[in-house]
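Structure record follows, encoded as structure tokens.
The values are calculated or read from the model by the stated rules, or taken from the named source; none is laboratory data. Note that the structure is predicted; figures quoted are calculated from it, not measured. Cβ coordinates were reconstructed from backbone atoms using ideal geometry, including for glycine residues, and neighbour counts include every protein chain displayed. Surface areas here come from the heavy atoms of the whole protein model, side chains and all, with no ligands, DNA or RNA. Shrake-Rupley method; radii C 1.70, N 1.55, O 1.52, S 1.80 Å.
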Amino acid sequence: MNRTLIITGCIEPVKQNFLKILDVNERLEQYIESVEYYIKESLCEHIIFCENSDYKYDSSQLMELARENKKNFEWISFKGNQLLVQQRGKGIGEGEVIDYAISNSKFEIEQIEKVTGRLIIKNIQKIEKKLKSKTYINADVYIFHDGKSFDTRFYACSLDTYIKDISPSYRKSNDSDNKNIERLLYKKLADSKCTPGYPMFKGKSGGFGYEYEEKFFRTKCLNMLCELGLYNHYTIRRIVRKLLYLIDRKRVV
């Protein structure tokens with residue numbers, strides 16, 4: 001399969017709700033670290049970093065790193081609709097980035113892997129080895145406690161699925177009107193498979209400023225659910241999350 005990894009970013013963002021990390025140098029450093037990691041570790045031969053603040057950066061070193069690792073790499077930067085992002089939130093901005101990357105890439109794209117920039121998936125290869133020509137997206141367990149939302153930090157799908165189902169959802173998203181992209185995708189892609197392994201994220205949340213660090217026992221449990229294909233099962237996931245919460249709480253006490 002011709003699989004392309006799209007790393008989304010915004011190096012110099014406008015002020016908006018639910019965005020804690022605004023320092024340009026900090027964001028740039030984190031994006032570079034992420035891009036370098038995926039060039040070395042991802043199984044995708046085509047890798048695109050696309051950001052919507054039109055930040056000027058010499059990506060020649062990253063291009064050279066890609067050549068050394070037998071990868072094809074593009075750095076795409078453009079000026080997005082900042083006013084719309086301020087009004088409607090991060091979802092509309094991320095969709096704009098992905099749409100622009102697809103439309104302006106020189107690569108022939110058939111299958112997409114999307115990862116939120118500045119985040120590293122430590123077990124990316126193990127997950128990629130098991131991906132097939134299907135839609136993989138995990139239920140969200142962090143933001144919306146009702147469990148009826150999807151985690152948009154990482155997903156994989158065909159270009160056709162993105163164009164038909166995911167891109168229109170991004171364009172409808174509005175954080176201030178309870179039309180979060182996580183909820184919209186849950187409604188549209190409810191029958192999608194979970195990833196064949198639980199993504200072990202490393203990095204800092206741009207929206208909330210906290211470090212992603214899953215505890216070992218919790219990660220083992222969630223990974224088992226993913227490997228069994230049960231992670232997106234609403235009842236099972238809710239029960240396991242509740243048990244893990246109680247275990248963590250008991251340890252603290």
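For the reader, a short list of remarks on this structure follows.
- The residue that is farthest from Ser173 (Cα to Cα), among those in region 81-103 that are modelled with pLDDT of 95 or more and in contact with a Cys (Cβ under 8 Å, 6 or more places away or on another chain), is Ala101.
- On inspection, Lys148 passes the criterion of being closer than 18 Å to Cys226 by Cα, in a loop (DSSP other than H, G, I, E, B) and open to solvent by 30 Å² or more (accessible area, probe 1.4 Å).
- Tally, over region 124-144, of residues that are in contact (Cβ under 8 Å) with a residue 12 or more places away in the chain, over 11 Å from Ala156 (Cβ atoms) and open to solvent by 20 Å² or more (accessible area, probe 1.4 Å): 6
- When region 90-123 is limited to residues that are more than 30 Å from Val14 (Cα to Cα) and of a type in the set (D, E, K, R), the one that is surrounded by the fewest Cβ atoms within 10 Å (Cβ to Cβ) turns out to be Glu108.
- Single residue of region 173-190 satisfying the filter (assigned to a helix (DSSP H, G or I) and of a type outside the set (D, E, K, R)) that is most open to solvent (accessible area, probe 1.4 Å): Ser176
- Output for region 30-73, where each listed residue is buried (at least 16 other Cβ atoms within 10 Å of the Cβ), over 25 Å from Lys130 (Cα atoms) and not hydrophobic (A, V, I, L, M, F, W, C): Gln30, Tyr31, Glu51, Asn52, Ser53, Tyr55, Ser59
- Qualifying residue in region 192-215 (condition: out of contact with any His (no Cβ under 7 Å at 6 or more places or on another chain), assigned to a helix (DSSP H, G or I) and either at pLDDT 85 or above or not basic (Lys, Arg) (or both)): no
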